[in-house]
1. Suppose we flag GluC sites (Glu not before Pro) only when DSSP calls them loop and at most 15 other Cβ atoms lie within 10 Å. Which is the longest uninterrupted stretch of the chain?
2. Helix 175-190: angle to the longest alpha-carbon principal axis of the chain, degrees 0 to 90, nearest 10?
3. By the scheme Lys and Arg +1, Asp and Glu -1, what is the net charge of all other residues having a beta-carbon under 15 Å from that of Gly113?
4. Per residue, how much accessible area does segment 74-225 show when a 1.4 Å probe rolls over the protein heavy atoms, in square angstrom?
5. Per 10 Å bin from zero, what fraction in whole % of the C-alpha pairs of segment 120-273 is there, up to the bin with the longest pair?
6. Measure off 7 Å from each Cα along the Cα-to-Cβ vector at Lys247 and Thr179, then give the distance between these two points in nanometres to one decimal.
7. Tell me which residues come under 5 Å, amide H to amide H, from Ile91 once H is placed; ignore anything under 5 positions away on its chain.
8. Which far-off residues, 5 or more places away or on another chain, put their amide H under 5 Å from the one on Val102, with H placed in the peptide plane?
Amino acid sequence: MKISICGKGGSGKSAIVTLLAKGARDRGYQVLVVDSDESNLGLYRMLGFDTPPVPLMELAGGKKAVRRQMRSEFSRGQSEDKMSVLAQGSISTEDLSYPYIVQKDGIGLVSIGKILQSLEGCACPMGVLSREFLKKLRLKDKELTIVDMEAGVEHFGRGVETSIDNVLVVVEPSMESMTLAERINDLATGSGVSNTWAVLNKVSSDEMASKLRDELSKRGIAIVGAVHNDPEIFDACFEGRPLHGGKATEEIGEVLDFLLPGVKTGNEGRQEV
Ligand SMILES: Nc1ncnc2c1ncn2[C@@H]1O[C@H](COP(=O)(O)OP(=O)(O)OP(=O)(O)O)[C@@H](O)[C@H]1O
Ligand SMILES: [Mg+2]
């Protein structure tokens with residue numbers, strides 16, 4: 001199963017990715033986290049790695065090479081969908097090796113690419129590589145891929161979700177975040193994703209959770225869990241150390257109960273918060 005984690009900037013996507021990855025690993029899944037955010041650099045730290053992986057963009061020959069390939073495919077009149085960025089027709093997790101993947105305790109991390117220099121041009125090649133990599137990635141039983149998306153909705157324009165099974169929108173308590181969740185729900189449907197769910201994050205009271213639930217249900221968005229404001233997460237992010245949620249770890253368990261088939265622990269269905 002491939003799950004992408006989307007939402008407003010700063011809503012807690014990377015924190016939720018980390019909690020989900022660790023929770024799924026603890027349930028016996030081999031987890032591959034795909035860092036598809038070209039701006040932020042710190043996901044590897046949250047996950048507990050000492051160094052980040054070398055981006056797949058370098059394996060693909062760099063942004064210029066990917067751009068050239070985009071142009072040559074266009075000039076032959078082929079649709080963008082038929083483009084092949086990495087050489088292999090399909091990729092399994094065993095095909096990925098260090099330094100393009102870092103691995104520890106049942107969790108692997110790959111990164112698509114980062115914007116490191118000014119004037120290096122637009123980030124379209126990153127979106128193309130994300131889309132192609134995810135499309136070619138073949139998962140075995142008990143393998144789970146979690147994609148940490150860039151903030152906002154541009155990735156939908158680039159078709160990154162084409163091969164994604166579930167979109168999980170992280171919603172923090174703000175109108176902006178809820179409005180964006182509604183757009184993401186629409187865009188995911190337009191991309192052919194059949195399942196879009198919301199997880200609330202940074203909730204400070206049950207009353208707030210209930211208000212958020214009401215607002216999102218008016219927008220036709222189903223909530224599969226709520227993570228409260230967790231000082232452990234805040235401190236870990238502040239200090240740049242591995243993220244070990246306190247209460248959040250239990251709370252994300254309910255999201256995993258819902259998302260992962262066959263490892264449900266009795267709390268089937270959507271969480272009422
Ligand atoms: N459940 C939580 N409890 C307390 N603080 C949280 C929680 N989730 C996230 N945060 C805080 O929010 C900040 C942003 O979280 P995170 O980096 O996961 O967001 P993001 O959506 O990935 O951001 P970006 O859009 O920049 O990638 C963190 O630095 C942390 O301080
Ligand atoms: Mg992030």
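1. By the stated rule (loop sites, at most 15 other Cβ atoms within 10 Å), 121-267.
2. 50
3. Net charge around Gly113: -3.
4. Solvent-accessible surface per residue comes out at 45 Å².
5. Taking every Cα pair in segment 120-273, the percentages come to 10, 34, 38, 17, 1, 0.
6. Result: 3.0 nm between the two label points.
7. Sorted by chain and number, the residues that satisfy this are Leu137, Arg138.
8. Result for Val102 returns Leu109.
The values are calculated or read from the model by the stated rules, or taken from the named source; none is laboratory data. All values derive from a computational prediction rather than experimental measurement. In this analysis, Cβ positions are derived from the backbone assuming ideal geometry, glycine residues included, and neighbour counts consider all displayed protein chains. Heads up: the accessible areas ignore ligands, DNA and RNA and are worked out on the full protein's heavy atoms, side chains in. Shrake-Rupley method; radii C 1.70, N 1.55, O 1.52, S 1.80 Å.
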